[in-house]
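Colleague: A single structure is presented below for examination.
The values are calculated or read from the model by the stated rules, or taken from the named source; none is laboratory data. Just so it is clear, the structure is predicted and the values come from calculations on it, not from any experiment. Every residue, glycine among them, receives a Cβ derived from its backbone with ideal geometry; neighbour counts consider all protein chains shown.
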Amino acid sequence: MKLSETTLLLFAVSVIATTITGCGGQEDHRGHMHGGVPALVSSSPVDSESLVPLGETLVVQLSTELIPESIAGSVELRDASGGAVPGTPALIAPHTIGFDPLGPLPAGELLTLRLLPGLLSQTGETVPSPIEVRFRTESSVRAGSLLVNEVYPGTADANGLPSSTPGDDQFVEIVNVTAQTLNLYGVVLSTAARPRAHVFERLLLPPGAAVVVWVDAPAGPGAVRASSGSLSLVRSTAERVSLESTELKSPEVVDEVDFASALVAVPAADDESSTRLVDADVGDAAGGQYARHSSAVGAIGSVSPGARVNGISYPTP
């Protein structure tokens, strides 16, 4: 991923426009651009921008021309947890810095590009405190990357916790069926009665791992509580469970289970879930069929939150 000629051209045009409209003459412009404390003029992406493409090259234009040797060690990109995102900063114009990430940007992340004290103008001035540009990248969660693997619409105990409200044991199990870690930020879980039953915040789900959205979540990795406080699932053909990835230019339905479909067996008992006949298997011979848990091949018990039907646990976030 290299700085494109188009990117350079756009910033060259921006520099010319700034010179024409913002300076009183050539000598004033030169004095302004060579000396003084570096200040942010423009950036791409802009501060607080969302849905930034994962292949984006980051560019910042400053108010002064810079000493090239001061670039190294004075520009960094950090994720929401403070971890460094690897990449190479470079001076692409006398007052313009480009940051070329090493590979795609992390998906669904709030990232911060920071220009640190130590970045010097041609006359030796530096920024007194870091200049920061924050932006959020688009999601990498696409149709088919997550599966709704098990749905429990019952009211019998499933979480091992004392029950205070009917339905507080309900859950939906979701599995990452890709070969990459997915950030579930912005993924929305909906049920027929509750369109936004759960909206995921930042959660990194490894390949083959499962997360279980509960009404009342037991302690432990891979278990989260529904952000709305309820799933409102019903044990009937009226139920529909869907996942939608919203942090995209065009949101996508990732997976959907319609209990009215001939492929879905509604649980016959109140203590039983509907589970994918072939656990978390894309393109299985059963064609995405959902069975009553106790009738699935090799099943142990009537529910298996966070595990395959045979009780073998999935990896967790």
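Colleague: Could you look through segment 192-207, keep only residues that are in contact with a Pro (Cβ under 9 Å, 6 or more places away or on another chain) and either among the small types (Gly, Ala, Ser) or not in a loop (DSSP other than H, G, I, E, B) (or both), and pick out the one that is nearest to residue 109 (Cα to Cα)?
Modeller: 204
Colleague: Report, by residue number, each residue of segment 179-204 that is buried (at least 18 other Cβ atoms within 10 Å of the Cβ) and either at pLDDT below 95 or farther than 23 Å from residue 153 by Cβ (or both).
Modeller: 182, 183, 185, 186, listed by residue number.
Colleague: Please tell me if residue 91 is in contact with a helix residue (DSSP H, G or I) (Cβ under 6 Å, 6 or more places away or on another chain), part of a strand (DSSP E or B), at pLDDT 90 or above and among the hydrophobic types (A, V, I, L, M, F, W, C).
Modeller: Values: in contact with a helix residue (DSSP H, G or I) (Cβ under 6 Å, 6 or more places away or on another chain): yes; part of a strand (DSSP E or B): yes; at pLDDT 90 or above: yes; among the hydrophobic types (A, V, I, L, M, F, W, C): yes.
In short, yes.
Colleague: Quick check on residue 232: is it under 27 Å from residue 108 (Cα atoms) and either surrounded by fewer than 21 Cβ atoms within 10 Å (Cβ to Cβ) or among the small types (Gly, Ala, Ser) (or both)? Explain how you work it out, then say what you get.
Modeller: On the way: under 27 Å from residue 108 (Cα atoms): no; either surrounded by fewer than 21 Cβ atoms within 10 Å (Cβ to Cβ) or among the small types (Gly, Ala, Ser) (or both): yes.
Answer is no for this residue.
Colleague: Separate question: Is it the case that some residue within segment 201-223 is in contact with a strand residue (DSSP E or B) (Cβ under 9 Å, 6 or more places away or on another chain) and more than 26 Å from residue 313 (Cβ to Cβ)?
Modeller: no
Colleague: Working only within segment 115-171, note down all residues that are assigned to a loop (DSSP other than H, G, I, E, B) and under 17 Å from residue 76 (Cβ atoms).
Modeller: Matches in segment 115-171: 116, 117, 118, 119, 127, 129, 130.
Colleague: Moving on to the next point. Mind checking which residues of segment 48-69 are surrounded by fewer than 20 Cβ atoms within 10 Å (Cβ to Cβ) and more than 18 Å from the chain's Cα centre (by Cα)?
Modeller: Selection gives 57, 61, 63, 67, 68, 69.
Colleague: Which condition from (1) modelled with pLDDT of 95 or more; (2) of a type in the set (Gly, Ala, Ser); (3) surrounded by fewer than 15 Cβ atoms within 10 Å (Cβ to Cβ) is the one that residue 73 breaks?
Modeller: It is condition (1) that residue 73 fails.
Colleague: Right, another one. Given the residues 256, 244, which is the only one that is outside any loop (DSSP other than H, G, I, E, B), touching a residue at least 60 places away in the same chain (Cβ under 8 Å) and of a type in the set (Asp, Glu)? Steps first, please.
Modeller: Values: 244 fails: touching a residue at least 60 places away in the same chain (Cβ under 8 Å).
One residue alone meets the criteria, 256.
Colleague: Ok, one more. State the number of residues belonging to segment 163-186 that are among the β-branched types (Val, Ile, Thr) and within 15 Å of the chain's Cα centre (by Cα).
Modeller: 2
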